[in-house]
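First comes the structure, then the notes that go with it.
The values are calculated or read from the model by the stated rules, or taken from the named source; none is laboratory data. Quick caveat: nothing in here was measured; it's all calculated off a predicted structure. With ideal geometry, Cβ positions are generated from the backbone for all residues, glycine too; neighbour counts draw on all protein chains shown.
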Protein chains: 2
Amino acid sequence: MNSWHDRRILDLFGIDLPILQAPMAGTSTPEMAIAVSAAGGLGALACAQLSVEQARKELATIRAGTKGPINVNFFCHTPPTPDPGRIAAWRKLLAPYYRELGLDPASPIPETNRVPFDDAFCSLVEEARPEVVSFHFGLPAPSLLDRVRATGARILSSATTIAEARWLAERGVDAVIAMGLEAGGHRGHFLSDDIGLQMGTFALVPQVVDAVKVPVIAAGGITDARGIVAAFALGASAVQIGTAYMLTPEAKVTDLHRQALRSASDHHTLLTTLFTGRPARGMVNRLMRDLGAINPAAPSFPLAAGALLPLKAKAEAAGSGDFTNLWSGQAASLAREMTSAELTRRLAAEALEKLAP
Amino acid sequence: MNSWHDRRILDLFGIDLPILQAPMAGTSTPEMAIAVSAAGGLGALACAQLSVEQARKELATIRAGTKGPINVNFFCHTPPTPDPGRIAAWRKLLAPYYRELGLDPASPIPETNRVPFDDAFCSLVEEARPEVVSFHFGLPAPSLLDRVRATGARILSSATTIAEARWLAERGVDAVIAMGLEAGGHRGHFLSDDIGLQMGTFALVPQVVDAVKVPVIAAGGITDARGIVAAFALGASAVQIGTAYMLTPEAKVTDLHRQALRSASDHHTLLTTLFTGRPARGMVNRLMRDLGAINPAAPSFPLAAGALLPLKAKAEAAGSGDFTNLWSGQAASLAREMTSAELTRRLAAEALEKLAP
């Protein structure tokens, strides 16, 4: 009978399969979390783009849909002090696109809704008692972290360097997500803004495994069973998978974005600061080509996003992804389209088959 | 009895162990190649910094030292047309360092010795008939490539993207080296200069495996047996290892560089254009911090190197690596110090043990 040799993460979270669905703000859904948890993996609810009320409702939906454990994820960035001069310069840079699309460059900027973990979210955690709470961009203030820990939740965060892994382990996380450069969406770094210091999954995972005592979850470029087996070989106790779940029917992903992911073998991704002000990996589009993927003119996270929303909406309505954050990891071409439950089960079964043929 | 399941590269090169010693211009030595080939792997002679006469001599040394096959490696860049204005600007940028170190900023620039594959080197290949000929930065002109092929040599080159892997396969290489971003030294890209398009080993290897019919050799961040097993899991038929061999006694590596590699867990690497004009991964030092690792002022490859040589020599004599190209991959901290033969044997034995416990 095939079974997983490394049971550290399985036992820690009370799950059957060492597969974590990546929390993807704006993309993952309660339906995806339910399907993954029901299949034996760890489903996740991403709260960064939800109000506390929305998060409470989605959590209730998940609890009603599965008895399995759930990972509730929060960003924990420090909200920026808006810099009106910088925002005005950013709008000026985008004004030609506004005019091109028939939009008023002087119209009010929609509010961006990426909020960090705070007292209100912490109260929700105390009330809903998710089995796992994960953070992106480091950890929240010690007083908030202590309250989360007191609920009995297992605590996770992502490291993009060995130093970040050590920093997290010293602060008592139960496991570290080693997030290689291949990963889609926002990089999780928090000790240094120098992207060049970040490592690929292949180099990062074994060095993090050697650097910390807690189990390590590999993330970044893991899309099929080959990646799961490779992550285990590098010393990981589980994997976190994002991009592969974006092509499931449970993902809140536009047709336009799905089409781009489907043609991923002909696409390229880059880290870009244009869409939110923080580096995130997405497929190259017109805005990235025009302005350069990393452009210091983009206001601090998450303020860059606001002025792009009208452009994104107008262009998407016309079938164009020119102004859309087309998040994707570097291995989207390896994804196969099926339901989230089927994907979770198949990835696990194929990995087990390879591990113990 | 343990054995390698995937024999494609073993049979192609006539070797016992699926480990290629990376050709490292200026660092690998005939003694290293002899040791690796004698241990059952594929040793390599890097010719980019050798004259034809030196290469002939080193090849003779290797042939006298082992009956095993050998990989002879060449750069195949297009030599740049020197741009006197750019070189003058580069010297001006470096002049303060010259003065600080007591050097004359107006002294003649030493010649840099990175030469591409040409008729003379091709004649050496025809004469010495190495079993494997590998290229970095693409492939040489078709007429030269045809002459190499006519010798019966197996032909290799490195791909940093899926598009480059396809390009190489279409031109008839016998195997593709999938060179992930983690690799130390010069990036092997040749279709696009945009580093952002390049992938980590974890994402690159399986996608290259899916894109080409020839066997794939994984490179970048592979330093221990975990990496070898992971590379096989991703679909590679062999691995190419560089950084781990830099800490062997056979490596031509200064004490200063060795010390930096030994403390690699506390060091960071970056891709930098400063030392030669082409992006290469090295440990961060003063020059990189001062000028920025990627600086467009660096003249075209390999012309940037010349003006740095006096600074490097003077600083190194005083025990400083401030101006040294401290090449390293992203996983140097996983390296263990032993002879090249022992390293080759141990890596293979440990990988086999993990593959078939």
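Summary of computed values
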{"item": "Odd one out for B:P130, checked against (1) at positive phi; (2) assigned by TED's automatic domain parsing to the domain that holds B:A218", "result": "(1)"}
{"item": "Residue tally, condition within 11 Å of chain A (Cβ to nearest Cβ) and within 30 Å of B:Q49 (Cα to Cα), over region B:183-207", "result": "13"}
{"item": "Residue among A:A348, A:A298, A:A305, A:A315 that alone is farther than 20 Å from A:L256 by Cα and part of a helix (DSSP H, G or I)", "result": "A:A348"}
{"item": "Failed condition for B:P215, given (1) at the interface with chain A (Cβ under 9 Å from one of its Cβ atoms); (2) under 25 Å from B:W4 (Cβ atoms); (3) in contact with an Asp or Glu (Cβ under 9 Å, 6 or more places away or on another chain)", "result": "(1)"}
{"item": "Residue that is farthest from the other protein chains (Cβ to nearest Cβ), among those in region B:290-322 that are out of contact with any Gly (no Cβ under 9 Å at 6 or more places or on another chain) and crowded, with 23+ Cβ neighbours inside 10 Å", "result": "B:A307"}
{"item": "Residue within region B:287-296 that is closer than 19 Å to B:R114 by Cα, outside the structural domain of B:D193 (by TED's automatic domain parsing) and not small (G, A, S) present", "result": "no"}
{"item": "Breaking point among (1) in contact with an Asp or Glu (Cβ under 8 Å, 6 or more places away or on another chain); (2) crowded, with 20+ Cβ neighbours inside 10 Å, for B:G65", "result": "(2)"}
{"item": "Qualifying positions in region B:122-170 - in a loop (DSSP other than H, G, I, E, B) and among the small types (G, A, S)", "result": "B:G138, B:A141, B:G152, B:A153"}
{"item": "Check on A:G235, away from every other protein chain (no Cβ under 12 Å), in a loop (DSSP other than H, G, I, E, B) and touching a Pro at 6+ places or on another chain (Cβ under 6 Å)", "result": "no"}
{"item": "In region B:303-326, the residues that are touching a His at 6+ places or on another chain (Cβ under 8 Å) and of a type outside the set (V, I, T)", "result": "B:G321, B:L326"}
{"item": "Qualifying residue in region A:193-213 (condition: part of a helix (DSSP H, G or I), more than 17 Å from A:M179 (Cα to Cα) and at pLDDT 95 or above)", "result": "no"}
{"item": "Answer from B:I228, B:I241 - the residue that is over 19 Å from A:F232 (Cβ atoms) and either among the β-branched types (V, I, T) or within 9 Å of another protein chain (Cβ to nearest Cβ) (or both)", "result": "B:I241"}
{"item": "Filtered residues of region A:237-263 (kept if of a type outside the set (S, T, N, Q) and buried (at least 24 other Cβ atoms within 10 Å of the Cβ))", "result": "A:A238, A:V239, A:I241, A:G242, A:A244, A:Y245, A:M246, A:L261"}
{"item": "Boolean, B:V284 is touching a strand residue (DSSP E or B) at 6+ places or on another chain (Cβ under 7 Å) and within 22 Å of B:Q21 (Cα to Cα)", "result": "no"}
{"item": "Test: A:L287 is modelled with pLDDT under 95 and either crowded, with 23+ Cβ neighbours inside 10 Å or more than 26 Å from A:R86 (Cβ to Cβ) (or both)", "result": "no"}
{"item": "Residues within region B:93-114 that are out of contact with any Lys or Arg (no Cβ under 9 Å at 6 or more places or on another chain) and surrounded by fewer than 12 Cβ atoms within 10 Å (Cβ to Cβ), tallied", "result": "6"}
{"item": "Region B:141-189, residues that are within 18 Å of the chain's Cα centre (by Cα) and among the acidic types (D, E)", "result": "B:E164, B:E182"}
{"item": "Matching residues in region A:48-96 - criterion: being under 21 Å from the mean Cα position of the chain (by Cα), over 20 Å from A:D119 (Cβ atoms) and touching a residue at least 60 places away in the same chain (Cβ under 8 Å)", "result": "A:P69, A:I70, A:N71"}
{"item": "Options A:E170, A:E164, A:E127; residue that is acidic (D, E) and more than 27 Å from A:S237 (Cα to Cα)", "result": "A:E127"}
{"item": "Matching residues in region B:34-92 - criterion: being part of a loop (DSSP other than H, G, I, E, B), among the aliphatic types (A, V, I, L, M) and out of contact with any helix residue (DSSP H, G or I) (no Cβ under 7 Å at 6 or more places or on another chain)", "result": "B:A48"}
{"item": "Test: residue in region B:27-47 that is farther than 30 Å from B:A225 by Cα and surrounded by fewer than 24 Cβ atoms within 10 Å (Cβ to Cβ)", "result": "no"}
